[in-house]
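**Student:** Below: one structure in structure tokens.
The values are calculated or read from the model by the stated rules, or taken from the named source; none is laboratory data. As the structure is a computational prediction, the values presented were derived from the model and not from experiment. Backbone-built Cβ (ideal geometry, glycine too); neighbour counts: all protein chains shown. The area values use the complete protein model at the heavy-atom level, side chains included, leaving out ligands, DNA and RNA. Shrake-Rupley method; radii C 1.70, N 1.55, O 1.52, S 1.80 Å.
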Amino acid sequence: YADMAMHQSKSAGRSNYRFFSRELNASIQQSVVLEHALRRAIADHRLSVYYQPKIDLRHGTVYGVEALARWYDPELGVVSPVRFIPVAEDCGLIGELGNWVLDEACRQLAQWRADGLDVPSVAVNVSARQLVQKDLPETIAQILQCYALEPSSLILEITESSMIQDDAQPLKAIHELGVKLAVDDFGTGYSSLSYLKRFPVHELKLDQSFVHHLASNKDDRELASAVINIGRALHLTVVAEGVENQDQLSFLHAQHCDVVQGYYYSPPLSAHDFHNWMLARR
Ligand code: C2E
Ligand code: MG
Ligand code: MG
Ligand code: MG
């Protein structure tokens, strides 16, 4: 405040600069606070993973789950991954965080199976920054071996922007392990469709922004069916994200979308709640 008061006594011509720098300071301070808290949360194992069911529309069965990182901080409250994942990426924590999510998701999949639940796959989100880690394929191989999982039960969700990063090697190495790759938020990135030919992709996830207004927006309906047709032409599984109501579901079903995910079936659940959700479906 002493600093601010000092600035205020200066010429009016500098007021814009002052305003900007104060805003910037606040946002830097905020991410420093987040960074410290996140570092502590990772070290103290206070992050958790929630799981959202993905439903196979043709068979009405559970196709798998998507693992989603969760953080409750005693002082900051619930912090959304939309906020803390970018912080983790910027301050070099994403490797550790990402490896932990991979390990936890695989451990949990093996545990559910040991409990007699039929969960065919777990999908884990992987940042572009994680993909450039040279040892990622090796880490994944070790995790799969540790929990005795066949590689095809793990799906990595990557975004279009990760795929236009020049180095395709880690993705190729991961594919060679037998792990599946999904393109997340499909349709929102810088889509050069040619990467679908160059990369060994198994799944397209139609972004929820196209799904939300299916009932009211004809363009979104056209785009959704175009994506479903691209998927079919390339023999990829198409997953629609953010399905919240029966109208969206009916449209996607009529278009032969393969898999749906969204609040209509279930929000992301704790491992325990997902277990009970599976039992209740029987
Ligand atoms: P995403 O991978 O596209 O995940 C889907 C997001 O949509 C999740 O948000 C999920 O809770 C939300 N969602 C699911 N169904 C519905 C629905 O019917 N309606 C609406 N409105 N939303 C729905 P969440 O969990 O907040 O995660 C946001 C993003 O954070 C994820 O988007 C992903 O990009 C990133 N993220 C989350 N966990 C991780 C992680 O472990 N690693 C990395 N690298 N990124 C993660
Ligand atoms: Mg995802
Ligand atoms: Mg998505
Ligand atoms: Mg998203």
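**Student:** Give me D for the chain in µm² s⁻¹, whole number, from Stokes-Einstein with Rh from the Kirkwood sum over alpha-carbon pairs, 20 °C and 1.002 mPa s.
**Tutor:** Working: Rh = 20.7 Å.
My calculation gives 104 µm²/s for D.
**Student:** Same structure again: Mind checking which of PHE199, LEU236, SER162 is farthest towards the positive end of the chain's charge dipole, using Cβ charges of +1 (Lys, Arg) and -1 (Asp, Glu) about the Cα centre?
**Tutor:** SER162
**Student:** Taking loop as defined by DSSP and a crowding limit of 14 other beta carbons within 10 Å, which trypsin sites (Lys or Arg not before Pro) in the stretch 180-254 fit?
**Tutor:** In loop regions of the stretch 180-254 (DSSP not H, G, I, E or B), there are no sparsely surrounded trypsin sites (Lys or Arg not before Pro).
**Student:** Further question on the same structure: With +1 on the Cβ of every Lys and Arg and -1 on the Cβ of every Asp and Glu, and nothing else charged, how large is the dipole of the stretch 199-250 about its Cα centre, in debye rounded to the nearest 20?
**Tutor:** Working: 4 positive and 8 negative charges, 39 e Å.
Approximately 180 debye in magnitude.
**Student:** Let me ask something else. Springs between alpha-carbon atoms under 10 Å, Gaussian network over the chain: tell me which of VAL49, VAL79, VAL201 tops the mean-square fluctuations.
**Tutor:** VAL79
**Student:** Placing +1 on the Cβ of each Lys and Arg and -1 on the Cβ of each Asp and Glu in the chain, which of HIS213, LEU47, ALA26 has its Cα farthest towards the positive end of the resulting dipole?
**Tutor:** ALA26
**Student:** Right, something else. Under a no-solvent Debye model with one identical scatterer per Cα of the stretch 39-100, what's log10 I(q)/I(0) at q = 0.11, 0.17, 0.28 Å⁻¹?
**Tutor:** Those come out to -0.33, -0.64, -1.25, one per q.
**Student:** Quick one: dipole size for the stretch 33-75, taken about the Cα centre, charges +1 on Lys/Arg Cβ and -1 on Asp/Glu Cβ, in debye to the nearest 20.
**Tutor:** Charge dipole, the stretch 33-75, about its Cα centre: 140 debye, nearest 20.
**Student:** Moving to a separate point now. Any idea what Rg and Dmax come out to for the stretch 152-282 if you just take the C-alpha atoms, in Å?
**Tutor:** 15.7, 46
**Student:** At what distance in nm do the modelled label points of LEU117 and GLN169 sit from each other, each positioned 7 Å from its Cα along Cα→Cβ?
**Tutor:** Between LEU117 and GLN169, the label points sit 3.8 nm apart.
**Student:** In terms of Cα to Cα distance under 23 Å, which lysines are near enough to LYS197, apart from those fewer than 8 places away along the same chain?
**Tutor:** Leaving aside lysines fewer than 8 places away in the same chain, those within reach of LYS197 are LYS172, LYS180, LYS205.
**Student:** Note the angle between two axes, namely the Cα long axis of helix 15-43 and the longest principal axis of the Cα atoms of the chain, as a number of degrees from 0 to 90, rounded to the nearest 10.
**Tutor:** So the helix axis and the longest Cα principal axis differ by about 50 degrees.
**Student:** With +1 on each Lys and Arg Cβ and -1 on each Asp and Glu Cβ, and nothing else charged, work out how big the dipole of the stretch 52-159 is about its Cα centre, in Debye to the nearest 20.
**Tutor:** Numbers: 8 positive and 15 negative charges, 48 e Å.
I would put it at about 240 debye.
**Student:** Grab the beta carbon distance between ARG282 and HIS256, set R0 = 25 Å, and tell me the FRET efficiency rounded to 0.05. Before the final figure, lay out the partial values.
**Tutor:** Working: r = 27 Å, r/R0 = 1.08.
Taking R0 as 25 Å, the efficiency between ARG282 and HIS256 is 0.40.
**Student:** Another question about this same structure. If you stretched the chain out fully between GLN133 and VAL82, how much longer would it get, using 0.36 nm times the residue separation minus the C-alpha to C-alpha distance?
**Tutor:** Taking 0.36 nm per residue and subtracting the Cα distance, the gain is 16.2 nm.
**Student:** If you wrap a convex hull around the C-alpha atoms of the stretch 54-195 and split its volume per residue, what is the figure in Å³?
**Tutor:** Convex hull volume per residue, Cα atoms: 143 Å³.
**Student:** Now a separate question. Can you work out the accessible area per residue across the stretch 197-275, with the rest of the protein chains kept in place, probe 1.4 Å, in square angstrom?
**Tutor:** 49
**Student:** Give me the percent relative contact order of the chain, please, defined on Cα pairs under 8 angstrom at least 6 residues apart.
**Tutor:** The normalised contact order for the chain reaches 17 percent.
**Student:** Then there's this: Hey, any idea what % of the stretch 163-260's accessible area is carbon plus sulfur with a 1.4 Å probe? Walk me through the numbers on the way to the answer.
**Tutor:** Details: 2390 of 4800 Å².
Answer for the stretch 163-260: carbon and sulfur cover 50 percent of the accessible area.
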